[in-house]
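Accompanying notes for the structure given below.
The values are calculated or read from the model by the stated rules, or taken from the named source; none is laboratory data. Just so it is clear, the model here is predicted, and its values are computed rather than measured. Just so you know, the surface numbers come from the protein's heavy atoms only, side chains and all, with ligands and any DNA or RNA stripped out. Shrake-Rupley method; radii C 1.70, N 1.55, O 1.52, S 1.80 Å.
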Amino acid sequence: MTEANSVMDRFMEKLGNDEFTKENQPNNGPEISQNFIDEQVQSYSKLLKSGIVEAALNK
């Protein structure tokens with residue numbers, strides 16, 4: 001059986017070498033372009049216009 005220290009050392013080595021896919025990390029995130037920004041603004045605008053935020057805050 002592998003010792004816990006060996007497992008943790010190998011895990012940290014893989015993590016440091018970017019061998020794991022990390023979601024929402026700056027180095028693995030979407031390319032920030034004008035198109036990306038436009039899509040995000042549209043998405044937030046739809047959310048605000050939907051009334052969901054106001055409904056959640058009024059409860």
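Residue count for segment 33-59 satisfying the condition of being of a type in the set (S, T, N, Q) and not in a helix (DSSP H, G or I): 2. Is segment 19-29 home to any residue that is open to solvent by less than 80 Å² (accessible area, probe 1.4 Å), charged (D, E, K, R), modelled with pLDDT under 90 and not in a helix (DSSP H, G or I)? For segment 19-29, residues open to solvent by less than 80 Å² (accessible area, probe 1.4 Å), charged (D, E, K, R), modelled with pLDDT under 90 and not in a helix (DSSP H, G or I): present.
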